Amino acid sequence: MTLTKPIPRQSLHAELVDRLRDLLLADAFQPGTKIPEADLCKDFAVSRTPMREALKVLASEGLVHLEPNRGAWVAEIDMDDLEAGFPVLAALEALAGELACSRISDAQIARVRTHHAAMLRHYESRNRAEYFKENQAIHAIIMDAAANPVLSQHHRSLAARMRTGRFKANLDPKRWAQAISEHAEILAAIEIRDGPKLAAILRSHIENKLLSLKSD
């Protein structure tokens with residue numbers, strides 16, 4: 001497996017979290033199954049301590065469920081949690097979009113364009129893991145441009161819990177194509193700094209992900 005290769009000692013923690021997250025989002029392990037910690041430690045050439053610390057981070061994101069004396073398990077999607085969380089996430093991202101358009105810099109807009117182009121390349125090659133990283137980078141720039149620490153804090157906490165749902169929504173080819181179209185609209189609204197328009201697009205963008213998950 002290409003994602004399981006020894007990790008350089010520098011930035012070990014962050015890199016291990018990223019590699020494990022990629023495996024989980026790519027469905028390397030089935031929901032509800034135990035994560036083979038010993039095998040992963042061997043694959044990544046790390047000890048149990050950094051592995052367990054990384055799993056704690058992923059548990060805080062809702063990707064992993066930790067059980068005392070039993071280890072780590074792949075979290076299953078809780079539809080009730082998604083139905084409660086996605087509307088709130090949509091509202092937070094809509095507010096971020098409106099605030100961002102009045103404050104976003106030319107440099108930040110240029111970064112959105114760069115990530116959008118990279119995202120399209122990964123869409124064409126059907127590389128979902130890399131696509132998702134570029135996608136999330138765009139949403140992060142919008143949140144940064146909003147420049148509201150309270151908003152960012154609440155969004156960060158909720159987005160972590162909704163992360164798996166956001167990724168899984170694009171497993172449906174029709175929804176993935178729809179998301180690409182929506183992101184083109186997001187970029188267009190950012191370029192003309194139209195806050196109300198961007199807010200409406202972002203709200204719909206998140207709500208459509210939930211609709212896709214519910215139709216599965």
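When segment 37-66 is examined, which residues are found to be without any contact (Cβ under 8 Å) to a residue 12 or more places away in the chain and in a helix (DSSP H, G or I)?
Going through segment 37-66, the residues without any contact (Cβ under 8 Å) to a residue 12 or more places away in the chain turn out to be 38-39, 41-42, 47-49, 56, 65-66.
Result: ALA38, ASP39, CYS41, LYS42, ARG48, THR49, LYS56.
When segment 129-151 is examined, which residues are found to be buried (at least 20 other Cβ atoms within 10 Å of the Cβ), under 12 Å from the mean Cα position of the chain (by Cα) and not acidic (Asp, Glu)?
TYR131, PHE132, ASN135, ILE138, HIS139
Report, ordered by the first and then the second residue, all pairs with beta carbons closer than 8 Å, sequence separation of six or more or different chains, a first member in segment 181-197 that is at negative phi, and a second member that is part of a loop (DSSP other than H, G, I, E, B) and among the hydrophobic types (A, V, I, L, M, F, W, C).
ILE190/ILE104
From (1) of a type outside the set (S, T, N, Q); (2) within 18 Å of LEU99 (Cα to Cα); (3) under 16 Å from the mean Cα position of the chain (by Cα), pick out the condition that doesn't hold for TRP176.
(2)
Quick check on segment 152-162. Is at least one of its residues closer than 19 Å to SER212 by Cβ, modelled with pLDDT of 90 or more and surrounded by fewer than 18 Cβ atoms within 10 Å (Cβ to Cβ)? Don't jump to the end; show me each part of the working.
The first filter runs over segment 152-162 and keeps only residues closer than 19 Å to SER212 by Cβ, leaving 158-159, 161-162.
Next, only the ones that are modelled with pLDDT of 90 or more stay: none.
Looking for residues that are closer than 19 Å to SER212 by Cβ, modelled with pLDDT of 90 or more and surrounded by fewer than 18 Cβ atoms within 10 Å (Cβ to Cβ), one finds none in segment 152-162, hence no.
Based on this model, can you work out whether LEU58 counts as under 17 Å from the mean Cα position of the chain (by Cα), in the same structural domain as SER181 (by TED's automatic domain parsing), more than 18 Å from ALA179 (Cβ to Cβ) and buried (at least 20 other Cβ atoms within 10 Å of the Cβ)?
On the way: under 17 Å from the mean Cα position of the chain (by Cα): yes; in the same structural domain as SER181 (by TED's automatic domain parsing): no; more than 18 Å from ALA179 (Cβ to Cβ): yes; buried (at least 20 other Cβ atoms within 10 Å of the Cβ): yes.
The answer is no for LEU58.
Looking at segment 94-117, can you tell me whether even one residue there is touching a residue at least 12 places away in the same chain (Cβ under 8 Å), more than 25 Å from GLN153 (Cα to Cα) and of a type in the set (Val, Ile, Thr)?
No, the conditions are met nowhere in segment 94-117.
Would you call ALA188 touching an Asp or Glu at 6+ places or on another chain (Cβ under 8 Å), surrounded by fewer than 16 Cβ atoms within 10 Å (Cβ to Cβ), of a type in the set (A, V, I, L, M, F, W, C) and outside the structural domain of LEU25 (by TED's automatic domain parsing)?
The answer is no for ALA188.
When both residues are 6+ apart or on different chains and their Cβ atoms are under 6 Å apart, which pairs have a first residue that lies in segment 71-82 and is assigned to a helix (DSSP H, G or I) and modelled with pLDDT of 85 or more, and a second that is buried (at least 19 other Cβ atoms within 10 Å of the Cβ) and not hydroxyl-bearing (Ser, Thr, Tyr)?
Within 6 Å, the pairs are LEU82/GLY165.
If you go through segment 191-216 one residue at a time, how many are surrounded by fewer than 19 Cβ atoms within 10 Å (Cβ to Cβ) and either touching a strand residue (DSSP E or B) at 6+ places or on another chain (Cβ under 9 Å) or of a type in the set (Gly, Ala, Ser) (or both)?
Let us first name the residues in segment 191-216 that are surrounded by fewer than 19 Cβ atoms within 10 Å (Cβ to Cβ), namely 191-194, 196-197, 200, 204, 207-208, 211, 214-216.
Add one more test, that the residue is either touching a strand residue (DSSP E or B) at 6+ places or on another chain (Cβ under 9 Å) or of a type in the set (Gly, Ala, Ser) (or both), and what stays is 200, 204, 215.
The total comes to 3.
The values are calculated or read from the model by the stated rules, or taken from the named source; none is laboratory data. The structure displayed is predicted, hence computed values, not measured ones. Using ideal geometry, Cβ is built from the backbone for each residue, glycine included, and neighbour counts are taken over all protein chains shown.
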